[in-house]
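Accompanying notes for the structure given below.
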Amino acid sequence: MSYTENTKVKQVFCRIYKTISDHGDNAVSAIYDNLTSYDIRYEPSYVSSSDWRALKDIDTHEIYEELLNAYFDGAVSYQNEEVKKLLFEVNEVMTRMGYKPVSRIASYLAEEDPSYITSRNIDKIADCGHYTIVKELISAYVK
């Protein structure tokens, strides 16, 4: 796999993550809340509103594709071995079945619609949980 970093996503994520972390708050939860909501739920005042707008201006599917591409390429620091094993297994199965796993998994994460994931994998992903998977992708990406 040839991974090319999406600098727009990387810059916004890292700025927000660093600012929130520097203030001792849970940056992963704040980013997750903002990715999974159409309106901003948790916007610490010490993070510039332009950074939050920049995050909201990037298509959620594009963000998840960036996180997944970096993850599968090994351009991250894995945090949760259970999630890592699950995602690589799902990626492998979907690839063998002729699907584009990054796009399908990104669509599932963006829309929380299980129809993007094959029935063989949906139970495993559901058992792991949306938050746990996204938390791992964000944590691995920004570390």
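Which of the residues that make up region 5-35 are part of a loop (DSSP other than H, G, I, E, B) and under 14 Å from Tyr64 (Cα atoms)?
If the condition is that a residue be part of a loop (DSSP other than H, G, I, E, B) and under 14 Å from Tyr64 (Cα atoms), then Glu5, Asn6 are the ones that fit.
When you check Lys18 against the structure, is it within 16 Å of Val142 (Cα to Cα), surrounded by fewer than 18 Cβ atoms within 10 Å (Cβ to Cβ) and at pLDDT 90 or above, yes or no?
The answer is yes for Lys18.
Among (1) within 23 Å of Cys14 (Cβ to Cβ); (2) of a type outside the set (Gly, Ala, Ser); (3) modelled with pLDDT under 90, which single condition is Glu111 missing?
Exception for Glu111: condition (1).
Name every residue in region 112-137 that is out of contact with any Phe, Trp or Tyr (no Cβ under 9 Å at 6 or more places or on another chain), exposed (fewer than 13 other Cβ atoms within 10 Å of the Cβ) and either part of a helix (DSSP H, G or I) or charged (D, E, K, R) (or both), in order of residue number.
Glu112, Asp113, Ser119, Arg120, Asp123, Ala126, Asp127 - these are the residues of region 112-137 that are out of contact with any Phe, Trp or Tyr (no Cβ under 9 Å at 6 or more places or on another chain), exposed (fewer than 13 other Cβ atoms within 10 Å of the Cβ) and either part of a helix (DSSP H, G or I) or charged (D, E, K, R) (or both).
On the basis of being closer than 16 Å to Ile125 by Cα and buried (at least 20 other Cβ atoms within 10 Å of the Cβ), does Asn91 make the cut?
Yes: the conditions hold for Asn91.
Taking region 55-96 as the region of interest, how many residues are within 19 Å of Thr132 (Cβ to Cβ) and assigned to a loop (DSSP other than H, G, I, E, B)?
Total satisfying the criteria: 5.
So Ala30 clears everything in (1) within 28 Å of Lys124 (Cβ to Cβ); (2) touching a Phe, Trp or Tyr at 6+ places or on another chain (Cβ under 8 Å); (3) surrounded by fewer than 20 Cβ atoms within 10 Å (Cβ to Cβ) except one condition, right? Which one?
So the condition that Ala30 fails would be (3).
Looking at Tyr99 and the list (1) of a type in the set (Ser, Thr, Tyr); (2) surrounded by fewer than 18 Cβ atoms within 10 Å (Cβ to Cβ); (3) at pLDDT 90 or above; (4) assigned to a helix (DSSP H, G or I), which single condition is not satisfied?
Every listed condition holds for Tyr99 apart from (4).
If a residue must be aromatic (Phe, Trp, Tyr) and farther than 14 Å from Lys135 by Cβ, how many such residues does region 1-35 contain?
Here the count works out to 1.
Say we look at region 114-143 and pick out the residues that are charged (D, E, K, R) and touching a helix residue (DSSP H, G or I) at 6+ places or on another chain (Cβ under 7 Å); which of these is nearest to Thr36 (Cα to Cα)?
Lys135
The values are calculated or read from the model by the stated rules, or taken from the named source; none is laboratory data. From a predicted model like this one, the values you see are computed outputs, not experimental measurements. FYI the Cβ positions are ideal-geometry reconstructions off the backbone, even for glycines, and counts take in every protein chain you see.
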